[in-house]
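Chemist: Mind looking over this structure? Questions follow.
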Number of protein chains: 2
Amino acid sequence: MTYCVGMLLSSGMVMLSDSRTNAGVDHISTFRKMHVWEVPGDRVIVLMSAGNLSISQTVVNLLREGIDNADGTTETLLTVSSMFDAARLVGEAVKQVHSMYGDSLVADTGGFNVSLILGGQVRGRGLRLFQIYSAGNFIEASRQTPFFQIGETKYGKPILDRVLEYATPLNGAMKLGLLSMDSTLRSNISVGMPLSLVVYKRDTLELAMNRTIHEDDPYFSSLRESWSQSLSNTFNRLPDPDWEEPLLNLMGSG
Amino acid sequence: MTYCVGMLLSSGMVMLSDSRTNAGVDHISTFRKMHVWEVPGDRVIVLMSAGNLSISQTVVNLLREGIDNADGTTETLLTVSSMFDAARLVGEAVKQVHSMYGDSLVADTGGFNVSLILGGQVRGRGLRLFQIYSAGNFIEASRQTPFFQIGETKYGKPILDRVLEYATPLNGAMKLGLLSMDSTLRSNISVGMPLSLVVYKRDTLELAMNRTIHEDDPYFSSLRESWSQSLSNTFNRLPDPDWEEPLLNLMGSG
């Protein structure tokens, strides 16, 4: 499995993904699920993928090699003139892969399964974040819905639902993403280290951070440890039920 | 959907379920998913169900009316002599419902989908907790794995993974169950109030609590509020990343 989360914030964008891919218990590997197209001063475009690895790798290759337009020109993520065009191009790549392998994949595995998060900014245009589906269609993040998740999304969703806002600063969003990933790593063995983390500050047109976080990263380790300890302490400080029933019985040693 | 969690503890057992059932967006109802067989001094048996409502209701009816043995006697959850026999009886009821409706349900809905959590104690025997699957087979909770979840399980799993232990006292387990439910309620609209909560203190052979918790319950409301506030405070107190990169850029207003 996979877990990726992308966040659109007033101050910029944070993208975080794990790197575990498995096809059965004895075939577990590490693959990068985050792909970056960066031309400082011109554009930053980041794509994260979940689902069938062969589909997402082929999509990425098509996006690097280019997709032919009707007028004979070839379009890549380095030539699109807006993030909306970037999302359409990724959708087009997904549709092309579907036309190549869709039938055989459905026959072999029961489905054509890929989902992608695409975010970034092209010079002179706005910062935007999209989620792209297996059919090539897509939706866009907004102030009200500032994050998208793909893959094993549920374990890490409550903390984002509770705390993340469009106004959350980049450092806070990074922390939140890492805590959301921590909950997922703890509860699902098919999501694994290392992590890929990208941070982009709005209107800078270059990445503020593009980091691989390994198992022994001191900050991530101490964050996980502090969070776990704080949650336990917080939990212990919460009041016990005050319902009137035979509850007094429960206070004893039991 | 549904969310139910059952916890086996050194001091007893806690069972908690929501009450929302939906079959499509415009068919949302409230059904009790927790069923109790209690004969004070003799036995306490609690069953929670998720999945297809018609299957689980039929299973419960079979268990109330009784299942015929080969020797002509009829067995119910009030006549079984141990929790292991209770689990086998519930499994047998599931298999009977499968033989009645399995083929037509698979043809109509694509699957025969039910899962159950069964816990309790019969006089002179131990307190035990089981999870029962659609095939009628079952597994048992242990000191190492002291809880089972069914239904929409993932949102509420991280907090249990982090904090729940076999040694957790009943009051603490109640709080944990309610917080796990809170995360699920926030993240999934198909899980809904009111909740059913049952608490059993080991070897007492009667329920310590059998409570319906409504939307306006003062304790649950204040617990949710305190937890949410504490999580935000805890999160804000966690240190920001100390990686050496251009991170200083991120500290600014963005």
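Chemist: Taking the condition assigned to a helix (DSSP H, G or I), over 30 Å from B:VAL163 (Cα atoms) and not aromatic (Phe, Trp, Tyr), does A:ALA107 pass?
Modeler: For A:ALA107, the condition - assigned to a helix (DSSP H, G or I), over 30 Å from B:VAL163 (Cα atoms) and not aromatic (Phe, Trp, Tyr) - is met.
Chemist: Shifting gears a bit: Identify the single condition in (1) more than 17 Å from A:ASN236 (Cβ to Cβ); (2) open to solvent by 20 Å² or more (accessible area, probe 1.4 Å); (3) within 10 Å of chain A (Cβ to nearest Cβ) that B:PRO194 does not satisfy, given that it satisfies every other one.
Modeler: (3)
Chemist: Only one of (1) under 23 Å from A:SER11 (Cα atoms); (2) at the interface with chain B (Cβ under 10 Å from one of its Cβ atoms) is not met by A:GLU165, so which one is it?
Modeler: (2)
Chemist: Which of (1) out of contact with any Lys or Arg (no Cβ under 6 Å at 6 or more places or on another chain); (2) hydroxyl-bearing (Ser, Thr, Tyr); (3) touching a residue at least 60 places away in the same chain (Cβ under 8 Å) is the odd one out, the single condition B:SER221 does not satisfy?
Modeler: For B:SER221, the exception is condition (3).
Chemist: Quick test of your reading of the structure: A:SER54 fulfils all but one of (1) under 23 Å from A:VAL198 (Cβ atoms); (2) among the polar types (S, T, N, Q); (3) not in a strand (DSSP E or B). Name the failing condition by number.
Modeler: A:SER54 satisfies every listed condition except (1).
Chemist: Please pick out the residue among B:ALA50, B:ALA135 that is within 25 Å of B:LEU8 (Cβ to Cβ), in contact with a strand residue (DSSP E or B) (Cβ under 9 Å, 6 or more places away or on another chain) and among the small types (Gly, Ala, Ser).
Modeler: One residue alone meets the criteria, B:ALA50.
Chemist: Exactly one condition in (1) within 10 Å of chain A (Cβ to nearest Cβ); (2) modelled with pLDDT under 90 is not met by B:GLN229; state its number.
Modeler: (2)
Chemist: List pairs: first residue in region A:102-118 and closer than 30 Å to A:MET13 by Cα and of a type in the set (Ser, Thr, Tyr), second residue modelled with pLDDT of 90 or more and open to solvent by 70 Å² or more (accessible area, probe 1.4 Å) anywhere in the structure, Cβ distance under 9 angstrom, at least six positions apart or on different chains.
Modeler: A:SER115/A:TYR133
Chemist: Looking at (1) within 9 Å of another protein chain (Cβ to nearest Cβ); (2) touching a Leu at 6+ places or on another chain (Cβ under 9 Å), which one does B:GLY177 not meet, given that it meets all the others?
Modeler: Result: B:GLY177 passes all but (1).
Chemist: Take the residues in region B:169-181 that are touching a residue at least 12 places away in the same chain (Cβ under 8 Å) and over 28 Å from B:ASP85 (Cβ atoms); name whichever of them is farthest from the chain's Cα centre (by Cα).
Modeler: So, considering only residues that are touching a residue at least 12 places away in the same chain (Cβ under 8 Å) and over 28 Å from B:ASP85 (Cβ atoms), the one farthest from the chain's Cα centre (by Cα) is B:PRO169.
Chemist: Name the residues in region B:105-128 that are of a type in the set (Gly, Ala, Ser) and open to solvent by less than 70 Å² (accessible area, probe 1.4 Å), would you?
Modeler: Matches in region B:105-128: B:GLY110, B:GLY111, B:SER115, B:GLY119, B:GLY120, B:GLY126.
Chemist: Here are B:VAL44, B:VAL80, B:VAL14: which of them is under 14 Å from the mean Cα position of the chain (by Cα) and either in contact (Cβ under 8 Å) with a residue 40 or more places away in the chain or within 21 Å of B:GLY124 (Cβ to Cβ) (or both)?
Modeler: Just a single option satisfies the conditions, and that option is B:VAL14.
Chemist: Give me the residue from region B:129-153 that is more than 10 Å from the chain's Cα centre (by Cα), surrounded by 19 or more Cβ atoms within 10 Å (Cβ to Cβ) and of a type in the set (A, V, I, L, M) and, out of that set, farthest from B:SER19 (Cα to Cα).
Modeler: In this case the residue turns out to be B:ALA141.
Chemist: Now for a different question. So how many residues does region B:125-139 have that are more than 25 Å from B:ASN188 (Cα to Cα) and in contact (Cβ under 8 Å) with a residue 24 or more places away in the chain?
Modeler: Going through region B:125-139 one residue at a time, the tally reaches 10.
Chemist: Which of (1) open to solvent by less than 40 Å² (accessible area, probe 1.4 Å); (2) under 20 Å from A:ARG32 (Cα atoms); (3) of a type in the set (Val, Ile, Thr) does A:ILE159 not meet, given it meets every other one?
Modeler: Tallying (1) open to solvent by less than 40 Å² (accessible area, probe 1.4 Å); (2) under 20 Å from A:ARG32 (Cα atoms); (3) of a type in the set (Val, Ile, Thr), A:ILE159 fails exactly one: (2).
Chemist: Here's something else I'd like to know. Quick one: which residue in B:ALA50, B:ALA93, B:ALA87 is open to solvent by less than 40 Å² (accessible area, probe 1.4 Å), farther than 20 Å from B:VAL39 by Cβ and of a type outside the set (Asp, Glu)?
Modeler: Answer to the selection: B:ALA50.
Chemist: While we're looking at this one, here's another question. Within the set of pairs 6 or more residues apart or between chains, which connect a residue that is in a loop (DSSP other than H, G, I, E, B) inside region B:141-152 to a residue that is surrounded by fewer than 21 Cβ atoms within 10 Å (Cβ to Cβ) and charged (D, E, K, R) with Cβ atoms less than 9 Å apart?
Modeler: Taking only residues 6 or more apart or on different chains, the pairs are B:ALA141/B:ARG128; B:ARG143/B:GLU165; B:PRO146/B:GLU165.
Chemist: Tell me which of these A:MET13 doesn't satisfy, since it passes every other one: (1) open to solvent by 10 Å² or more (accessible area, probe 1.4 Å); (2) modelled with pLDDT of 95 or more.
Modeler: The number of the failed condition is (1).
Chemist: Return a yes/no flag: does region B:202-215 have any residue that is at pLDDT below 95, within 10 Å of another protein chain (Cβ to nearest Cβ), within 19 Å of B:MET48 (Cα to Cα) and in a helix (DSSP H, G or I).
Modeler: no
The values are calculated or read from the model by the stated rules, or taken from the named source; none is laboratory data. What you see is a predicted model, and the numbers here were worked out from it, not measured in a lab. Neighbour counts run over all protein chains shown; Cβ positions are idealised from the backbone, glycine included. Accessible surface areas use protein heavy atoms only, side chains included; no ligands, DNA or RNA. Shrake-Rupley method; radii C 1.70, N 1.55, O 1.52, S 1.80 Å.
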